[in-house]
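The values are calculated or read from the model by the stated rules, or taken from the named source; none is laboratory data. Remember, predicted model here, so these are calculated numbers, not experimental data. In this analysis, Cβ positions are derived from the backbone assuming ideal geometry, glycine residues included, and neighbour counts consider all displayed protein chains. All accessible areas refer to the heavy atoms of the entire protein, side chains included, with ligands and DNA or RNA removed. Shrake-Rupley method; radii C 1.70, N 1.55, O 1.52, S 1.80 Å.
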Amino acid sequence: MFNIHNLTKKFDGTAVVKDVSFSLSPGNCVALLGANGAGKTTTLRMLSGLLKPTSGKIEFEGMRPGADIREHIGYLPQYPIFHNWMTGKEFLVYVGQLANLTKANAKEQADYYLERVGILEAKNQRIGKYSGGMKQRLGIAQAMIHRPQMIMLDEPVSSLDPIGRREVLTLMEELKQQTTILFSTHILSDAEEISDSLLLMHQGEIVESGSLVELRDKHQSAKINIAFKGLNEEFIPNLEAISDVSDVIIDKNELICIVKDLEKARQSILAQANTENWPLTKFEVSQTSLEELFMKVVQN
Amino acid sequence: MQWLTIYKKEMLEYWRNFSWVWVPVVFILLAIMDPLTTYYMPIILDKVGGLPDGAVIELPQMAATDVLMMSLSEFSSIGVIIIVAITMGIIAGERKSGVVELVLVKPVRYANYISSKWAAKLTLILVSYTIALLTSWYYVSILFEEIALLAFVQTLSFYALWLILVVTITIFYNTLLKTPGLVGALSVGTIIGMTAINAIFSHKLTWFPNNLSSYIRQLLHTGEIPTALWGTSFVTISLIVALLFLSFYTFQKKELA
């Protein structure tokens, strides 16, 4: 539905977004994940038409050539600023009409979305009096008001407290049924929670992408966490000598053994521990998480 | 439709922030200050002047048309500064605060956005200015002499062109920069610059917009519209239209980040 080809943005000669290409299919919820400064906001701003790409192409399927892409998308900036002297409903009706809805239709949609995002009772209050969470929800409502085919949300939950965060995530979960969502975040757990697929961005490039399932399959490997009474480090050579252990990493109070074959590795480690009488205090089998993938990518 | 939406929103904003109250009031004060002080000057001097007893004050008898021109000259100085001040944030302020992000991600045509704001600000300013000048005309006619309605309407209309030009210059800088203060400074600077150019090259630039008031003075004295006033009006209107289109263009080119 939405195809992005080799999108590049340079500010004063420095590329902030480099050669980014991806496509979105209808009904998907995609997370653009990356550390602060990875180029997520710049990417979203280009897609929303607020910034002009230095090079590259943004295609929207089914759009007449030369038509305004803004009719088909909704956008919520990271820090949405409203006219504080307007009421929530007035603002929604205003931007709805700007999106070419008739006044009656804009009012209807405004009421619908005010209810949908849960701020109906505050609709006649000045926006200046809204809390951060309410503004964020009003922001989502204004992005949806003209029923766009896709909405883009820039860090929709980062600035919210735990309760507000939960509410907005639930809301996004519901909106997924209605429209395609592309949202940026630097928090992996948010991405894992509601998105179907991930675009991992680092220093202006998409370094990894795919559905959550694919990424887990690709990057997850089994690991065994071991701790000893006394110094863990003394046992590193012994562990490394075991053929099924591919890597040993020192963590705070334990050693993490990345293993090729979990079953074999467990047997050999336990056998050796038994014969050599190792002072084991912890033996735990688990999986590497996407978090570790994320950290690996970001730190390289 | 979209144009009207923005225009109405601006009007609502002027109600909410009391622009519809204070701008007319300030303009009226500006317009009647000179007719009143001129008329009452002998009494004021008598009461507070502390002049020695027996001092005779003789002030030249002012013509009604001159007094009306004094009102206009207040608009040319303080009035222009007020107009620039209330226009300098109209787009730049929205860009600086970031509201513009929510507005321009909707399919808003840039020309609509600028021209509707331009028209809304002009409505506020021209309505206030008309009320103010009517008040001045009223005081002039009761304190001095009557000025014919036709001459008054002509004065009102031709001078309005100057105010429209001031608003348009300020709007143009709004599309170029996003710091309202800088927009204001550059607009005032430009108007002062134009005055300087006019003063230096006045013999060559007979149709320069800054000459509007001197031709209006002629109009009031003779009761006939001088040919040069038509020429100057034509130049002023052309400049307004050109600046407006230039604003559309610069705003389109500009990145809104």
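Quick check on A:Glu284: is it at pLDDT 80 or above, within 18 Å of A:Lys229 (Cα to Cα) and open to solvent by 30 Å² or more (accessible area, probe 1.4 Å)?
yes
Would you mind stating whether B:Trp3 is within 14 Å of another protein chain (Cβ to nearest Cβ), modelled with pLDDT of 90 or more, loosely packed, with under 15 Cβ neighbours inside 10 Å and assigned to a helix (DSSP H, G or I)?
no
Return the residue satisfying two criteria in turn: it lies in segment A:118-134 and is closer than 19 Å to B:Val99 by Cα, modelled with pLDDT under 95 and surrounded by 19 or more Cβ atoms within 10 Å (Cβ to Cβ), and of such residues it is nearest to the chain's Cα centre (by Cα).
A:Gly133
Residues checked against (1) touching a residue at least 60 places away in the same chain (Cβ under 8 Å); (2) surrounded by 13 or more Cβ atoms within 10 Å (Cβ to Cβ); (3) in a loop (DSSP other than H, G, I, E, B):
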| site | (1), (2), (3) |
| --- | --- |
| B:Ile32 | yes, yes, no |
| B:Ile44 | no, no, no |
| B:Ile57 | no, no, yes |
| B:Leu68 | yes, yes, no |
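Look through A:Glu214, A:Glu291 and report the one residue that is closer than 24 Å to A:Lys40 by Cβ, open to solvent by 20 Å² or more (accessible area, probe 1.4 Å), touching a helix residue (DSSP H, G or I) at 6+ places or on another chain (Cβ under 7 Å) and not in a strand (DSSP E or B). Walk me through it before giving the result.
On the way: A:Glu214 fails: touching a helix residue (DSSP H, G or I) at 6+ places or on another chain (Cβ under 7 Å).
The match here is A:Glu291.
Given the criteria within 24 Å of B:Arg95 (Cβ to Cβ), modelled with pLDDT of 95 or more, in contact with a Gly (Cβ under 7 Å, 6 or more places away or on another chain) and within 11 Å of chain B (Cβ to nearest Cβ), does A:Ile69 qualify?
Spelling it out, it is not the case that A:Ile69 is within 24 Å of B:Arg95 (Cβ to Cβ), modelled with pLDDT of 95 or more, in contact with a Gly (Cβ under 7 Å, 6 or more places away or on another chain) and within 11 Å of chain B (Cβ to nearest Cβ).
Going by the structure shown, is A:Ser268 modelled with pLDDT of 85 or more and within 17 Å of A:Ala227 (Cα to Cα)?
It is true that A:Ser268 is modelled with pLDDT of 85 or more and within 17 Å of A:Ala227 (Cα to Cα).
Looking at the structure I just gave you, is B:Ile192 open to solvent by less than 50 Å² (accessible area, probe 1.4 Å) and more than 28 Å from B:Val140 (Cα to Cα)? So that I can check it myself, show each step before the final result.
Details: open to solvent by less than 50 Å² (accessible area, probe 1.4 Å): no; more than 28 Å from B:Val140 (Cα to Cα): yes.
So B:Ile192 fails the test.
Kindly indicate the residue of segment A:35-56 that is in contact with a His (Cβ under 9 Å, 6 or more places away or on another chain) and of a type in the set (A, V, I, L, M) and also nearest to B:Leu102 (Cα to Cα) among those meeting that condition.
Quick first cut of segment A:35-56, residues in contact with a His (Cβ under 9 Å, 6 or more places away or on another chain) only: A:35-36, A:38-40, A:56.
Okay, now just the ones that are also of a type in the set (A, V, I, L, M), so A:35, A:38.
Values: A:Ala35: 25, A:Ala38: 23 Å.
Selected residue: A:Ala38.
Tell me the residue from B:Tyr159, B:Tyr173, B:Tyr129 that is among the aromatic types (Phe, Trp, Tyr), open to solvent by 10 Å² or more (accessible area, probe 1.4 Å) and either within 14 Å of chain A (Cβ to nearest Cβ) or within 21 Å of the chain's Cα centre (by Cα) (or both), please.
B:Tyr173
Go through segment B:6-22 residue by residue and tally those that are more than 9 Å from chain A (Cβ to nearest Cβ), within 15 Å of A:Thr87 (Cα to Cα) and either touching a strand residue (DSSP E or B) at 6+ places or on another chain (Cβ under 7 Å) or not in a helix (DSSP H, G or I) (or both).
Residues meeting the conditions: 0.
Using the structure shown, decide if A:Tyr75 is open to solvent by 50 Å² or more (accessible area, probe 1.4 Å) and within 8 Å of chain B (Cβ to nearest Cβ).
The answer is no for A:Tyr75.
Conditions tested, residue by residue: (1) in a strand (DSSP E or B); (2) open to solvent by less than 50 Å² (accessible area, probe 1.4 Å).
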site	(1), (2)
A:Arg147	no, no
A:Val157	no, yes
A:Leu171	no, yes
A:Leu182	yes, yes
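Within segment A:78-90, how many residues are closer than 20 Å to A:Asp154 by Cα and open to solvent by less than 20 Å² (accessible area, probe 1.4 Å)? Break it down stepwise before answering.
To start, the set of residues in segment A:78-90 that are closer than 20 Å to A:Asp154 by Cα comprises A:78-83.
Filter once more, keeping what is open to solvent by less than 20 Å² (accessible area, probe 1.4 Å): A:80, A:82-83.
Residues flagged as closer than 20 Å to A:Asp154 by Cα and open to solvent by less than 20 Å² (accessible area, probe 1.4 Å) within segment A:78-90 amount to 3.
All but one of (1) among the hydrophobic types (A, V, I, L, M, F, W, C); (2) more than 11 Å from chain B (Cβ to nearest Cβ); (3) over 25 Å from A:Leu169 (Cα atoms) hold for A:Ile140, so report the exception by its number.
A:Ile140 satisfies all of (1) among the hydrophobic types (A, V, I, L, M, F, W, C); (2) more than 11 Å from chain B (Cβ to nearest Cβ); (3) over 25 Å from A:Leu169 (Cα atoms) except (3).
What do you reckon, is B:Ile164 open to solvent by 20 Å² or more (accessible area, probe 1.4 Å), within 19 Å of B:Ala85 (Cβ to Cβ) and either away from chain A (no Cβ under 14 Å) or within 24 Å of the chain's Cα centre (by Cα) (or both)?
Yes.
When the residues of segment A:118-130 are narrowed to those that are in contact with a strand residue (DSSP E or B) (Cβ under 8 Å, 6 or more places away or on another chain) and outside any helix (DSSP H, G or I), which ends up farthest from the other protein chains (Cβ to nearest Cβ)?
A:Lys123
Would you pick out the residues in segment B:76-116 that are within 11 Å of another protein chain (Cβ to nearest Cβ), surrounded by 19 or more Cβ atoms within 10 Å (Cβ to Cβ) and either out of contact with any Leu (no Cβ under 9 Å at 6 or more places or on another chain) or farther than 29 Å from A:Asp68 by Cα (or both)?
Listed by number, the list holds a single entry, B:Glu94.
Can you tell me which residue is nearest to the other protein chains (Cβ to nearest Cβ) among those in segment A:82-108 that are in a helix (DSSP H, G or I) and touching a residue at least 40 places away in the same chain (Cβ under 8 Å)?
Just the residues of segment A:82-108 that are in a helix (DSSP H, G or I), to begin with: A:88-98, A:103-108.
Next, only the ones that are touching a residue at least 40 places away in the same chain (Cβ under 8 Å) stay: A:88, A:91-92, A:95-96.
Working: A:Gly88: 13, A:Phe91: 8, A:Leu92: 11, A:Val95: 6, A:Gly96: 9 Å.
Selected residue: A:Val95.
Just a yes or no: is a residue in segment A:109-117 aromatic (Phe, Trp, Tyr), open to solvent by 30 Å² or more (accessible area, probe 1.4 Å) and more than 11 Å from chain B (Cβ to nearest Cβ)? Walk me through how you get there before you give the answer.
Taking segment A:109-117 as the starting set, the residues that turn out to be aromatic (Phe, Trp, Tyr) are A:112-113.
From the residues that got through so far, the ones that are open to solvent by 30 Å² or more (accessible area, probe 1.4 Å) too are A:112.
Then keep just the ones that are more than 11 Å from chain B (Cβ to nearest Cβ); that gives A:112.
Yes; the residues of segment A:109-117 include at least one that is aromatic (Phe, Trp, Tyr), open to solvent by 30 Å² or more (accessible area, probe 1.4 Å) and more than 11 Å from chain B (Cβ to nearest Cβ).
Rundown of residues vs (1) open to solvent by 60 Å² or more (accessible area, probe 1.4 Å); (2) within 23 Å of A:Ser211 (Cα to Cα), yes/no style:
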site: A:Lys10; (1), (2): yes, no
site: A:Ser23; (1), (2): yes, yes
site: A:Gly27; (1), (2): no, yes
site: A:Gly34; (1), (2): no, yes
site: A:Thr41; (1), (2): no, yes
site: A:Phe60; (1), (2): no, yes
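If we keep just the residues of segment A:227-256 that are assigned to a strand (DSSP E or B) and under 14 Å from A:Trp278 (Cβ atoms), which is farthest from the chain's Cα centre (by Cα)? Show your work before the answer.
Quick first cut of segment A:227-256, residues assigned to a strand (DSSP E or B) only: A:227-228, A:245-250, A:255-256.
In the following step, the residues that additionally are under 14 Å from A:Trp278 (Cβ atoms) were identified as A:227-228, A:255.
Numbers: A:Ala227: 34, A:Phe228: 38, A:Leu255: 30 Å.
Only one residue tops the list, namely A:Phe228.
In contact with an Asp or Glu (Cβ under 7 Å, 6 or more places away or on another chain) and modelled with pLDDT of 85 or more, is that true of A:Leu188?
Values: in contact with an Asp or Glu (Cβ under 7 Å, 6 or more places away or on another chain): yes; modelled with pLDDT of 85 or more: yes.
When the stated conditions are applied, A:Leu188 passes them.
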